[in-house]
Amino acid sequence: MSDWFETLDGTLRHTWQQMARATKDAKSPLRTAVLATMSEAGPQQRILILRQASQSAATLTLFTDAATPKVAEMSSDPRVSIHLWDPRAQWQLRLSGTAALTPGPQETWDRMPEGAREVYGVTPTPGTPIPTPEDHDRTPDAAKFLQITIALHQIESTHLGAPLHRRARFRADEGWAGQWVAP
């Protein structure tokens, strides 16, 4: 039997399996996603937690505070990219798509521990200069709980394992058929 990274079908199947697993397994390295947006000053990156991965819809779901600069950036230009890295597997995923912003689901808010809710409702607005690290308030505010749904357009998988690096690109407009590309 071949390893997942030796075929295009295996690579795509493994990608979705591992992203879905990451939404449930806090120890999965793919759970910590680097989201890149475009601001007036240029590209911006930050870490968010991958909350849902739907292969059938070709979407990823993350949450954020509605007052963060990334929300204004995605509202202005919804094109985003996500970077995921699994150091043990020596595997990189670069995903690109279009972000849609909606209020976070009430049922998710209701199940969320109080400490996790505090990141949605920071005053002053995230990114505002403050005199000391303590000069902000973390009062949970469900109105600031926002869902980011990314409709994926492209998935690029790079496996850096020995003896041969393998890179594959899958595009929505090509039916996710996949193509090997030089690593």
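Details
- Flag if Glu156 is among the acidic types (Asp, Glu) and out of contact with any Ser or Thr (no Cβ under 9 Å at 6 or more places or on another chain): no
- Hey, Arg94 in contact with a helix residue (DSSP H, G or I) (Cβ under 7 Å, 6 or more places away or on another chain), open to solvent by 20 Å² or more (accessible area, probe 1.4 Å), among the basic types (Lys, Arg) and not in a helix (DSSP H, G or I) or not: no
- Count of segment 76-91 residues which are open to solvent by less than 70 Å² (accessible area, probe 1.4 Å) and of a type in the set (S, T, N, Q): 1
- Answer from Ala89, Ala66, Ala99, Ala72 - the residue that is out of contact with any helix residue (DSSP H, G or I) (no Cβ under 9 Å at 6 or more places or on another chain) and of a type in the set (A, V, I, L, M, F, W, C): Ala72
- Pairs with Cβ under 9 Å, 6+ apart, first in segment 44-63 and at positive phi, second open to solvent by less than 20 Å² (accessible area, probe 1.4 Å) and in a strand (DSSP E or B): Ala58/Gly97; Ala58/Leu152; Ala58/Ile155
- Pairs, first over 15 Å from Arg138 (Cα atoms) in segment 105-119, second surrounded by 13 or more Cβ atoms within 10 Å (Cβ to Cβ) and of a type in the set (A, V, I, L, M, F, W, C), C-beta under 6 Å, six or more apart: Trp109/Ala142; Trp109/Phe145
- Put simply, of Ala177, Ala143, Ala116, Ala162 the only residue that is small (Gly, Ala, Ser), farther than 17 Å from Phe5 by Cα, more than 17 Å from the chain's Cα centre (by Cα) and open to solvent by 50 Å² or more (accessible area, probe 1.4 Å) is Ala143.
- Unmet criterion (only one of (1) farther than 23 Å from Arg169 by Cβ; (2) touching a Pro at 6+ places or on another chain (Cβ under 9 Å)) for Thr98: (1)
Yes or no, residue by residue, for (1) within 16 Å of Leu48 (Cα to Cα); (2) more than 19 Å from the chain's Cα centre (by Cα); (3) not in a loop (DSSP other than H, G, I, E, B):
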{"position": "Ala99", "(1), (2), (3)": "yes, no, yes"}
{"position": "Pro133", "(1), (2), (3)": "no, yes, no"}
{"position": "Ile150", "(1), (2), (3)": "yes, no, yes"}
{"position": "Gln154", "(1), (2), (3)": "no, no, yes"}
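- The residue that is surrounded by the fewest Cβ atoms within 10 Å (Cβ to Cβ), among those in segment 97-110 that are within 24 Å of Val34 (Cβ to Cβ) and among the hydrophobic types (A, V, I, L, M, F, W, C), is Ala100.
- Of all residues in segment 119-131, those that are open to solvent by 40 Å² or more (accessible area, probe 1.4 Å), under 13 Å from Asp65 (Cβ atoms) and not in a strand (DSSP E or B) total 5.
- Thr32 β-branched (Val, Ile, Thr) and either open to solvent by less than 30 Å² (accessible area, probe 1.4 Å) or under 21 Å from Ala177 (Cα atoms) (or both): no
Residues checked against (1) assigned to a helix (DSSP H, G or I); (2) aromatic (Phe, Trp, Tyr); (3) open to solvent by 60 Å² or more (accessible area, probe 1.4 Å); (4) modelled with pLDDT of 95 or more:
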site	(1), (2), (3), (4)
Pro43	no, no, yes, yes
Arg46	no, no, no, yes
Ala53	no, no, no, yes
Ser56	no, no, yes, yes
Val71	yes, no, no, yes
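The values are calculated or read from the model by the stated rules, or taken from the named source; none is laboratory data. Note that the coordinates shown come from a computational prediction; the quantities given were computed from them, not determined experimentally. Heads up, the Cβs are rebuilt from the backbone with ideal geometry, glycines too, and the neighbour counts pull from every protein chain shown. When the accessible area is computed, the model is the full protein with side chains, heavy atoms only, and any ligands, DNA or RNA have been set aside. Shrake-Rupley method; radii C 1.70, N 1.55, O 1.52, S 1.80 Å.
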